[in-house]
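The values are calculated or read from the model by the stated rules, or taken from the named source; none is laboratory data. Remember, predicted model here, so these are calculated numbers, not experimental data. So basically every Cβ, Gly included, is an ideal-geometry build from the backbone, and we count neighbours across all protein chains shown.
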Amino acid sequence: MTTLRLTRDDTRPGQPEPAGGGTRPPWRLRHHWGDAAERAGLRWAALAWVVVLAALLVQNPGRMTFDTKLGVNIDPVGFYGRLWHLWNPLEFLGSLQDQYIGYAFPMGPFYLLGHAAEVPEWVVQRAWWALLLVVAYAGLLALADELGIGTPTTRLVAAVAFALSPRVLSTLGPLSIESWPFALSPWILLPLVRGSARGDPRRHALTSALLFACVGAVNAAATIGALLPAVLWLASLLFAGSARGIRRRTAAVPVPAE
């Protein structure tokens, strides 16, 4: 199957027009927005979310699972009201809210929107789980496509395996927020891969940093783990650049005559 992609022009404002009198494509295309393949990917991701949500809704309909902080699920408004205090007297006979700030985004707003729309809590919970699975699936699929790894079929298989990995399935019910950094890790790496190949590396690095800010930071180990692939990718680029520099300097050294 052949995938058609629009040609991307990485010309930035202030730079000369392309040779040959060609016109620059719209801004949204030059900044990787509006790409036909990416729009198709978004549609497939939305369809996957609907399918996964339907599969989750038929499991124990009407019943919730205790997902880490029950207050976020059943009372998101009260959760934000209590978030500004260090002591929470309503849970575990009173407890310190040492990690609660990690639920303020993005899990908290998701449940808050569901509460505002008067959607049953158990449906909002299933929708959150479906979103987490699809984010993990779509992220690895996009990353594998950007790196050119495998075939379209093997990429799909790898993306499904990543989304349904033991790490996700073992924490999806009781600790879903700890699966969220794992699901976001391919998205954090993806802009860095794109920036190293084309476009403005600084803009892509900023995109990666903003995505990392969406991790939530509930668990320190999970947060560092989400950043690790990006760190390894940057380290590989530095190593490759150093190796090329060593080869150039070695080639430039004159060989003494016998």
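Before moving on, here are some points about what is shown:
- Every test in (1) within 17 Å of Ser179 (Cα to Cα); (2) assigned to a helix (DSSP H, G or I); (3) in contact (Cβ under 8 Å) with a residue 24 or more places away in the chain is passed by Ala142 save one, and that test is (1).
- Scanning the range 29-64 for residues that are touching a Leu at 6+ places or on another chain (Cβ under 9 Å), at pLDDT 85 or above and not in a helix (DSSP H, G or I) turns up just one, Met64.
- Filter result (of a type in the set (Asp, Glu) and closer than 19 Å to Ala217 by Cβ) within the range 143-191: Glu178
- Pairs are defined by a Cβ separation below 9 Å, a sequence spacing of at least 6 or placement on different chains, a first member in the range 158-174 that is within 25 Å of Asp145 (Cβ to Cβ) and hydroxyl-bearing (Ser, Thr, Tyr), and a second member that is buried (at least 17 other Cβ atoms within 10 Å of the Cβ) and at pLDDT 90 or above; the pairs so defined are Ser165/Ala136; Ser165/Phe182.
One line per residue, one yes/no per condition, for (1) over 18 Å from the mean Cα position of the chain (by Cα); (2) at negative phi:
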residue: Trp44; (1), (2): no, yes
residue: Thr68; (1), (2): yes, no
residue: Glu91; (1), (2): yes, yes
residue: Glu118; (1), (2): yes, no
residue: Glu121; (1), (2): yes, yes
residue: Val134; (1), (2): no, yes
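- The range 65-100, subset assigned to a helix (DSSP H, G or I) and at pLDDT below 85, residue nearest to Gly173 (Cα to Cα): Leu70
- Test for Gly216: is it closer than 30 Å to Asp98 by Cα and modelled with pLDDT under 90: yes
- Every residue from the range 93-106 that is more than 16 Å from Gly81 (Cα to Cα) and within 26 Å of the chain's Cα centre (by Cα): Pro106
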